[in-house]
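Contents: one structure, followed by commentary.
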Amino acid sequence: MQRQADESTRRRAAAVAGHKHDEPAARRALLDESGTVRATALGALARMGAIRGSDLRAAASDPDRRVRARGAELASENLDPGIGMPLLLTAIVDREPSVVEAACFSLGELERAGAPAVEALSRVARTHREPLCREAAVAALGSIGDPSGLPAILDATTDKPAVRRRAVIALAPFDGPDVDAALERALGDRDWQVRQAAEDLTGREASQA
């Protein structure tokens, strides 16, 4: 119990360092034994605009999944694509789903994702064992809007309900016969959220109540 209390105190101190622009304190927290504290320290450095490429490279190889996930979340926000992209392409093949999900989200936030990102996201959307990762990848592909990502989005319209719903939303930037057919199927989907997403996108009423 005491150790948990100490960890909470250290985590709070790391967060406060970000608000106070206390970079030395945040950097000390990066060396903490607790992954939760280290992840908070990364966020603190990002908040004050002091995060470095070396910080995120270290986070990418951290033994704690929470640190790796936080690093992936921050990679697209604070570094140019020349640094952030390699880190994200590493994170997207991480063994932990939470890291993969964070990497997918960050890749979808990049202004210029490029072919390697679209290929990696398409692979996750089609093959990852975790539905949340597939859903995050599909959302990122829709955000990027690259035509080469469309086949994976179309495949996702036959996945689990949450992924299907996300796939329908991700079709918004695209058009063509395949897209029209997928939306037509979605209007008759057995899941009401998928039907609603298709209604919102097409302006048509679903064919199944």
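Inclusion of GLY84 among residues that are modelled with pLDDT under 95 and part of a helix (DSSP H, G or I) is warranted. Among the criteria (1) surrounded by fewer than 19 Cβ atoms within 10 Å (Cβ to Cβ); (2) under 30 Å from ALA58 (Cβ atoms); (3) touching a helix residue (DSSP H, G or I) at 6+ places or on another chain (Cβ under 7 Å); (4) among the polar types (S, T, N, Q), the one SER148 does not fulfil is (2). Filtered by the rule that a residue be within 22 Å of ARG47 (Cα to Cα) and buried (at least 18 other Cβ atoms within 10 Å of the Cβ), region 106-119 gives SER106, LEU107, GLY108, LEU110. Considering every residue within region 74-94, establish whether at least one is closer than 25 Å to PRO151 by Cα, open to solvent by 60 Å² or more (accessible area, probe 1.4 Å) and among the hydrophobic types (A, V, I, L, M, F, W, C). Scanning region 74-94 turns up at least one residue that is closer than 25 Å to PRO151 by Cα, open to solvent by 60 Å² or more (accessible area, probe 1.4 Å) and among the hydrophobic types (A, V, I, L, M, F, W, C). The set of residues in region 174-183 that are open to solvent by 80 Å² or more (accessible area, probe 1.4 Å), without any contact (Cβ under 8 Å) to a residue 12 or more places away in the chain and not in a loop (DSSP other than H, G, I, E, B) comprises PRO177, ASP180. Pairs linking a residue in region 87-114 that is touching a residue at least 12 places away in the same chain (Cβ under 8 Å) and farther than 12 Å from CYS133 by Cα to a residue that is charged (D, E, K, R) and open to solvent by 40 Å² or more (accessible area, probe 1.4 Å), with Cβ atoms under 9 Å and 6 or more positions apart or on different chains, are LEU87/ARG57; SER106/GLU73; SER106/GLU77; GLU109/GLU77; ALA113/ASP146; GLY114/ASP146. Do we have VAL93 as among the aliphatic types (A, V, I, L, M) and assigned to a helix (DSSP H, G or I) here? No; evaluated as a whole, the condition is false for this residue. In summary, helices (runs of 4 or more DSSP H) completely within region 103-173 and bearing 3 or more residues that are closer than 23 Å to THR90 by Cβ and either modelled with pLDDT of 95 or more or touching a strand residue (DSSP E or B) at 6+ places or on another chain (Cβ under 9 Å) (or both) occur at 114-127, 131-144. Scanning region 151-173 for residues that are of a type in the set (Ser, Thr, Tyr) and open to solvent by 60 Å² or more (accessible area, probe 1.4 Å) yields one hit, THR158.
The values are calculated or read from the model by the stated rules, or taken from the named source; none is laboratory data. None of these values were measured; they are calculated from a predicted model. So basically every Cβ, Gly included, is an ideal-geometry build from the backbone, and we count neighbours across all protein chains shown. Surface accessibility is based on the protein's heavy atoms, side chains included, excluding ligands, DNA and RNA. Shrake-Rupley method; radii C 1.70, N 1.55, O 1.52, S 1.80 Å.
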